[in-house]
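Working notes, beginning with the structure itself.
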Amino acid sequence: MRSAINIDSISAIIQSNYRLIKIAKKGIVDTQKFKYDPEIIELEELVKRVPNDKDWELYEHCAVLRLYAIYENFVEYLISSWLKYLQNIVENYLELDQKIQNTHREGVGRILLEFKKDRFKEFSINQVVIGLFYGTTSENKNYELLPQAFLF
């Protein structure tokens, strides 16, 4: 799965950064012994270019935000998949658990309140309300659960 690859990559980068910080800040490698070795020269150049603590901390915060974005995408995918599955196994909207119906209705309402935000620009008002409309009328077998309504 793509999110597992992203998480593994970010984890490896963070671990490499910690090791590099340790080398750079504590002078673990004695470069004088091997000063003519090309790898040591390259290591010295790398250590010289290590960012200051503030910049490094900023980069690490960016990595944490990226992890959060990966997690958020995973949760959105999981909810969307579950809702599609739920629509297949519960034919009639009115047979859905009351908590699911309430969450769906309230979520549709919140989307309508925030409809002008970029987050919902790909939807028309009809797309937002049609699934709820069908679910609560005689068309209740044609309902559609809008995943975004469950993500508040």
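Considering the conditions (1) closer than 30 Å to Thr136 by Cβ; (2) modelled with pLDDT under 80; (3) of a type outside the set (A, V, I, L, M), Glu45 is excluded by exactly one of them, (1). Counting only residues that are of a type in the set (A, V, I, L, M, F, W, C) and more than 20 Å from Tyr143 (Cα to Cα), segment 68-95 holds 4 of them. Restricting attention to segment 37-80, the residues that are of a type outside the set (A, V, I, L, M, F, W, C) and under 13 Å from Ala24 (Cβ atoms) add up to 8. The residues of segment 83-94 that are exposed (fewer than 10 other Cβ atoms within 10 Å of the Cβ) and either farther than 12 Å from Glu144 by Cα or in contact with a Gly (Cβ under 9 Å, 6 or more places away or on another chain) (or both) amount to a single one, Ile89.
State whether the residues of segment 65-82 include one that is surrounded by fewer than 14 Cβ atoms within 10 Å (Cβ to Cβ), polar (S, T, N, Q) and in contact (Cβ under 8 Å) with a residue 12 or more places away in the chain. Yes: one or more hits.
The values are calculated or read from the model by the stated rules, or taken from the named source; none is laboratory data. Here the structure is a predicted model, which means the values were calculated and not measured. Cβ: placed from backbone, ideal geometry, glycine included. Neighbour counts: every protein chain shown.
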